[in-house]
Each structure stands twice: as structure tokens, then as C-alpha cells.
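The values are calculated or read from the model by the stated rules, or taken from the named source; none is laboratory data. This one's a predicted model, so the numbers in the text were calculated from it and none came from an experiment. Cβ atoms come from the backbone with ideal geometry, glycine included; neighbour counts cover every protein chain shown. What goes into the accessible areas is simple: the full protein's heavy atoms, side chains included, and nothing from ligands, DNA or RNA. Shrake-Rupley method; radii C 1.70, N 1.55, O 1.52, S 1.80 Å.
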Amino acid sequence: MENQNLGDIKALEAGKRFKAVVALITARQRKDKNDRIFWEVTVMDSFGNLDAKIWSDAKWWNIRNGNKEPIAPESIDPQEDLVNKPVGVIGTVTEFKGRLQYNFNEIYLLDPEKHPISSFLQKSPIPLEEMEKEFWAIIEKCREPLRGFLSFTFSGSLWKEFKNAPAAVSHHHAYVHGLLEHTLAVTRSAMSIGEAYQSKGFPVEMDILTAGALLHDLGKLEAYSLDPFPGMTLQGTVIDHIPLGYAKFRSLASEYGLDENTAISLGHIIVSHHGRKEYGSPVLPATPEAIIVSMADELDFILHCWDSVEIQGDSEISDFSYSAQRRFWKRQVTNDKKGE
């Protein structure tokens, strides 16, 4: 049996066996109703994540030194032996209460030097070069002083960090280059909406709108980290990315010498872009530009949740998504060629 990626494994039906080499990113010990220890784990490869279970009758092997040596499960230290470590797994897809479940029946501890953890990192499906080209083309369309300020902001170490950063730890764009992908999607949508309403006579300042969209998640550079997988920093946990982003923006605006009216307009977009106070914004969006950016941000988040949700069996309705606060309908779409 050849190794499979997690995308292929998720497409398997109940009863199928699989084999994979993955990175184990979370491991929690539990006890079943018979007081036997089992594990709930999450593994990752460049195709995504998978939640699985390791029951008490699973076989554990250490092959880090080239020899296949059995391991007693009770001797395993999850932080030392498992978390952020490469493992080989052989498992079976089962069905439990109408849902597919992935059980690892054999687990092999692998040599991290032969299987570097970076090789398992999920990345944006869009080529980085393509996104960088689009990002700088958008900046070039802005007029001064915003073109100069944006070029100043997204330069040096900040740009290197920004283009590699995740946009989240879970739910949406939680992978390398995710922040750049999300920022471009929000900016693209915001510009289209802004142009549509500007043509109807609304006083939308397109340069402010564009710059605000590009800057809206600046705080995620301090809120999230790649170590080696997406995670929350201490600052991100206790302060959050919105105030972190506003503080970073004000510092950059002061250093660049951006005029105060422009700084207030952009700062308002940053602090209001989640749209509601219960979602973390200290104020509600109060300008056309801020309203549009918050709507574009919400749109990209919700659609990404819809795209990533998995449907079990023949149903077209997903389980309840707590992040999106709804169930999704993923209907079967056929190409309608009538009228062509």
C-alpha cells in the first residue's frame, strides 16, 4: 500500500484502509468507558488537517534509528514524542453515528531529519509570485500619499513576514501565505463594491478604501505565529489583532509622516473591520469605506468556511459550523448549458 495524502484519505469510504506520512500537531489522552486509554490526535500535511483516534489496541513503533522497535503506549510523552513530530500511520476509515471516523491502527515515530516538519506545512493554493504581483499592482494604482505610505509599510522584514504569515489558526486561511491570500481577496471585493457604489453617486474614496483593505489585518503579524504551524502568540491571545494592528499602523503612520485626516480614516477601517462589537471591533464601521471593508472581510471568511466544510454521506447539508454560526448547503451543481 502506497502512502496517500490527507486529501485522498478524506475521499475514502468507510471500510477502506490507508497509509500516510504526516506531522502530528495535537495529541490528547482520553479514557473510554472501560477505563482504557486512547488518543485524539490531529495530523497535517500540505493538503490539510485530519482528526483521528488511536485506540488502546493500536501498535506503536519507533523507527527513528532505522530499527523497528515496539513502544509501550503508556511510556509516550505527547510533547516530547508526538507534538510537531513526523509520524507514519496505517489506519482504517470507519463510520460512527453516521459520520466517518479515521482510526490509526499503527503509528511509527519517524526521524525528523529525514522528514523535516517544514515539508508538511500547508500553503496557499495560489502561487506566491502571482499574489505578490497582484498586491504591488494594486498599490501602484493608488495616488500619493497612500502609494508611498503603502510601499513604505510593506517593505523589508515586515513584507517578508506578511507574505508568509497565516490569516488564522483555524477556520480560514490558516496556512503559509494565508494572510496575503485573504488580504487580496478582501481588497479585490472591496474595490469592486466601492466602484459599483461610486458609480451610483456614493462618495467612496477609492484610495482610502484600497489602502484600508490592504492594512485591515496588519495586527495578525503579532497575533499569530508559525512555530512551525499556525498558532496564537501571547499578544494575540490577551490583546487581539485589531488593537495590535491599530497600534502598529499608528506607529508606521507617524514614522512616515502621514497626515492626520488620512491616518484617522485608515485607522477607523482597521478598528471597525469586524463589523460588530461582539466580534471584537471597538467601534462600528461609520464611513462608506469602513462599511465596505468590513463586509468584504466577512464575505471572504464565510465563503472560505463554506468551501472548506466537509459533507458526510449523501447529505448536501453540513453539520453546524460554530465559526460561521450556521449550517451550509453544498448542493450538487451541474453545468447548465441551456441558451449557449
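Carbon and sulfur together cover what percent of the accessible area of the chain at a 1.4 Å probe radius? The partial results should precede the final answer.
Working: 9210 of 18400 Å².
C and S atoms contribute 50 percent here.
Once you keep just the Cα pairs under 8 angstrom separated by 6 or more residues, what percentage relative contact order results for the chain? Could the numbers behind the result be given before it?
Values: 591 pairs, mean separation 38.7, N = 340.
Dividing the mean separation by the residue count of the chain yields 11 percent.
Once fully extended, how much extra length lies between I63 and I264, figured as 0.36 nm per residue of separation less the alpha-carbon to alpha-carbon distance?
Details: separation 201, 0.36 × 201 = 72.36 nm, distance 5.86 nm.
Extra length from I63 to I264 when fully extended: 66.5 nm.
Suppose every Lys and Arg Cβ carries +1 and every Asp and Glu Cβ carries -1, with no other charges. What dipole size does the chain come out with about its Cα centre, to the nearest 20 debye? All intermediate terms of the calculation are to be shown ahead of the outcome.
Values: 37 positive and 48 negative charges, 144 e Å.
In debye, rounded to 20, the chain gives about 700.
Hey, rough spin-label estimate for K31 and E106, points 7 angstrom out along Cα→Cβ, what's it come to in nanometres?
3.1 nm
Could you give the nm distance between label points at E134 and S308, where each point is 7 Å from its Cα heading toward the beta carbon?
So the label points at E134 and S308 sit 1.7 nm apart.
Mind checking which of A72, A286, A23 has the largest fluctuation in a GNM of the chain, springs on alpha carbons under 10 Å?
A72
What value, in deg cm²/dmol to 500, does the helix sum -39500 (n - 2.57) over DSSP H runs of n ≥ 4 give at 222 nm once divided by the residues of the chain?
Working: 11 runs with 126 residues, N = 340.
It comes out at -11500 deg cm²/dmol, rounded to the nearest 500.
Let me know the shape class of segment 227-340, please: from the alpha-carbon gyration tensor, a ≥ b ≥ c as square roots of the eigenvalues, rounded when a/c is under 1.5, otherwise prolate if a/b is greater than b/c, or oblate.
Prolate.
Rounded, prolate or oblate: pick one for segment 1-120, where a ≥ b ≥ c are the square roots of the eigenvalues of its C-alpha gyration tensor, a/c under 1.5 means rounded, and failing that, prolate if a/b is larger than b/c, else oblate.
Values: a/c = 1.62, a/b = 1.10, b/c = 1.47.
It comes out oblate by the Cα gyration axes.
At a Cα cut-off below 18 Å, give the lysines reachable from K97, other chains included and same-chain residues fewer than 8 away excluded.
Result set, ordered by chain and number: K10, K16, K33, K53.
Given 0.36 nm per residue, what is the gain on full extension from R327 to Y197 after removing their alpha carbon distance, in nm?
Working: separation 130, 0.36 × 130 = 46.80 nm, distance 3.08 nm.
Length difference between fully extended and current span is 43.7 nm.
Relative to the longest principal Cα axis of the chain, at what angle does helix 178-198 sit, 0 to 90 degrees, rounded to 10?
Roughly 40 degrees, rounded to the nearest 10.
First check a/c for segment 103-240, with a ≥ b ≥ c the square roots of the eigenvalues of its C-alpha gyration tensor; if it is under 1.5, answer rounded, and if not, answer prolate when a/b is larger than b/c or oblate otherwise. Intermediate results must be reported in sequence, preceding the final value.
Details: a/c = 2.35, a/b = 2.24, b/c = 1.05.
Prolate shape, in that a/c is at least 1.5 and a/b is the bigger ratio.
Around T26, with a cut-off of 12 angstrom between Cβ atoms, what is the net charge of the other residues, counting Lys and Arg +1 and Asp and Glu -1? Write out the running numbers ahead of the final one.
Working: positive: R28, K85; negative: E40, D51.
So the environment of T26 carries a net charge of 0.
Starting from the Cα-Cα distance between S157 and A11, subtract it from 0.36 nm times their residue separation and give me the gain in nm to one decimal. Kindly include the intermediate steps, with their values, before the conclusion.
Values: separation 146, 0.36 × 146 = 52.56 nm, distance 3.99 nm.
48.6 nm is the gain from fully extending S157 to A11.
Write down the Kirkwood hydrodynamic radius of the chain, to one decimal in angstroms, obtained as one divided by the mean of 1/r over all alpha carbon pairs. Don't jump to the answer; show the numbers that get you there.
Details: mean 1/r = 0.0445 Å⁻¹.
Mean inverse Cα-Cα distance, inverted, gives 22.5 Å.
Among A296, I37, S265, whose Cα lies farthest out toward the positive end of the dipole of the chain, if unit charges sit on the beta carbon of Lys, Arg (+1) and Asp, Glu (-1)?
I37
Evaluate segment 1-60: find the radius of gyration of its Cα atoms, find its Kirkwood radius, and give the ratio Rg to Rh. Provide the component values of the computation, followed by the final result.
Details: Rg = 12.6 Å, Rh = 12.7 Å.
Radius of gyration relative to Kirkwood radius: 1.00.
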